[in-house]
Structures are given as C-alpha cells and as structure tokens.
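Structure first, commentary second.
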Amino acid sequence: MNSTIEINREIFREMVKFYGETLNLPPLSAKIYAYLIFDFERNGICFEEFVEVFSASKSSVSSNLNLLLNANLIVDFNKINERKRFFMINENYMQIRFTAIIDKMKREISILDQLNEFRKSNDEKILERFEIYKSLLNKNIKNIEETLHKI
C-alpha cells in the first residue's frame, strides 16, 4: 500500500518542524499530524498506512496516535462495513489551540497582578510598563476570543 494522499515533501517537512515545536509533539506524532493535514478530502487515513508510509513499528504508531487523540488534535472513526479505524484532523483544533493560549495569557495576568500587589511599587515607570504589558495581553485575549466566535 502506498500513500493514499498526495503530499508536498518540502511543505511536509516544514509542517513537521513547525507542529513539533508549536504543539510540543514528538517527531512521529508531528509527522502523523502533518500527514493528516494533507487529507484534504477528509477521508481519513488508516493505521496500516501510517506504519507503511513512516516505516515505523505498530507500537510506535499506536502510541503516537493515542497521544494525538488524547490531545484532541485528531479524531478516529470507523467506516461502514469496515473494521479498520481511520484518523483525521480534529476540525475543532483551532478552537482547542487558541483556547489554551487564552488560558495561558489569563493565567499570566493573574500571576502578574499577584506579583504587583506583593511588590507594592510606587515607581511610575514600572507601573506604566506593567499596565502596558497587561493591556497587550488583554487586547490579544479579546481579539482571539472574537475571532474564535466567528470561526
């Protein structure tokens, strides 16, 4: 069995590197994730294809698919009259990714507020920089939330 989808190797390599770094994925997980992005028709890719395409052991592919499933980056399904499981990108991945970013920014604001309260500085320059940074975080949170509601 060869690949059921057409990929561009250069774009694929760039995606593997990007998603590996951005989503903190191990190399095989990043490859699987990037490969699934090329499934434009959303037909799904079966387990055996990953084993063959990546020349990886069944246990490695299984472990990495489970990691991606647990992170909600991919979903699995069965086709009618087939026992095979197929995998595809979770269509809600943007929502998941950017919700996590919003949560981190809100957490940072909370920590900064606690630190500022503890510090009790009267230095206007420090307070101004603090407020500018906090404002930037709040604007980004608002922008991302508004965009997510549109998607």
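Assorted remarks:
- Restricting attention to region 13-31, the residues that are surrounded by 15 or more Cβ atoms within 10 Å (Cβ to Cβ) and without any contact (Cβ under 8 Å) to a residue 40 or more places away in the chain total 8.
- Qualifying positions in region 107-134 - surrounded by 11 or more Cβ atoms within 10 Å (Cβ to Cβ) and either within 30 Å of GLN95 (Cβ to Cβ) or acidic (Asp, Glu) (or both): GLU108, ILE109, LEU112, ASP113, GLU131, TYR133, LYS134
- Listed conditions (1) surrounded by fewer than 14 Cβ atoms within 10 Å (Cβ to Cβ); (2) part of a helix (DSSP H, G or I); (3) modelled with pLDDT of 90 or more are all met by MET94, apart from (3).
- Residues in region 49-66 that are touching a residue at least 40 places away in the same chain (Cβ under 8 Å) and not β-branched (Val, Ile, Thr): 2 in all.
- Close pairs (9 angstrom Cβ cut-off, 6 or more residues apart or separate chains): closer than 13 Å to LEU65 by Cβ in region 79-98, at pLDDT below 90 anywhere: PHE86/LYS79; ASN90/ILE96
The values are calculated or read from the model by the stated rules, or taken from the named source; none is laboratory data. Note that this is a predicted model, so its numbers are computed, not measured. Neighbour counts run over all protein chains shown; Cβ positions are idealised from the backbone, glycine included.
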